[in-house]
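Chemist: Below is one structure. I have some questions about it.
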């Protein structure tokens, strides 16, 4: 079975359905993966890029972006690297006023029992206050 790493543009075409040929091909790739004909791999960096393009280029709403990213990350027929961290990142992104990269960095640091070193004030929103 051939293995393919997904690029941002395949995911965008799949969700946006804005290019007849490429959108149809993207759908075919996902169907082939679902039926076990090919293996698809998704790395976190691509997820972050998809969110950025959805938000900045296509001006999509945060909730719609979260819904689409959750759907693809949760897909059992895609080998998603760091799946659980990405899903936790999306949950944090949904409830906090922080960008996805910041949420991702925060979750990674937390999993390593570390803190984020940043001048960005958003990270202060994520620090648990001690009583």
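Chemist: Roughly how tilted is helix 62-74, in degrees to the nearest 10 and between 0 and 90, from the longest Cα axis of the chain?
Modeler: 60
Chemist: Quickly estimate the mean residue ellipticity at 222 nm for the chain, helices only: each DSSP H run with n ≥ 4 gives -39500 (n - 2.57), and the total goes over all residues, rounded to 500.
Modeler: Details: 6 runs with 75 residues, N = 131.
Value at 222 nm, helices only: -18000 deg cm²/dmol.
Chemist: Using only C-alpha positions, report the orientation-averaged shadow area of the convex hull of segment 2-126, nm², one decimal. Intermediate values should be presented prior to the final figure.
Modeler: Details: hull surface 32.1 nm².
For segment 2-126, the mean projected area of the Cα convex hull comes to 8.0 nm².
Chemist: Using Cα-Cα distances under 8 Å and only pairs 6 or more residues apart, what relative contact order does segment 2-126 have, in percent?
Modeler: Details: 128 pairs, mean separation 25.2, N = 125.
Answer for segment 2-126 is 20 percent.
Chemist: Just check segment 57-104 against the gyration tensor rule for me: Cα atoms, a ≥ b ≥ c as the square roots of the eigenvalues, rounded for a/c under 1.5, and otherwise prolate or oblate depending on whether a/b exceeds b/c. Intermediate results must be reported in sequence, preceding the final value.
Modeler: Values: a/c = 2.17, a/b = 1.34, b/c = 1.62.
Oblate, because a/c is 1.5 or more while a/b does not exceed b/c.
Chemist: How tilted is helix 100-111 with respect to the longest principal axis of the chain? Cα atoms for both, answer in degrees (0 to 90, nearest 10).
Modeler: Tilt relative to the chain: about 70 degrees.
Chemist: Just grab the label-to-label distance for residue 4 and residue 81, each label 7 Å out from Cα along the Cβ direction, in nm (one decimal).
Modeler: 1.8
Chemist: Additional query: Helix 20-34 versus the longest principal axis of the chain: what is the Cα-based angle in degrees, 0 to 90, to the nearest 10?
Modeler: Tilt relative to the chain: about 80 degrees.
None of the figures in this text is laboratory data; all of them are computed from the coordinates on show. On a predicted model such as this, the values are computed, not experimentally measured, just so you know. With ideal geometry, Cβ positions are generated from the backbone for all residues, glycine too; neighbour counts draw on all protein chains shown.
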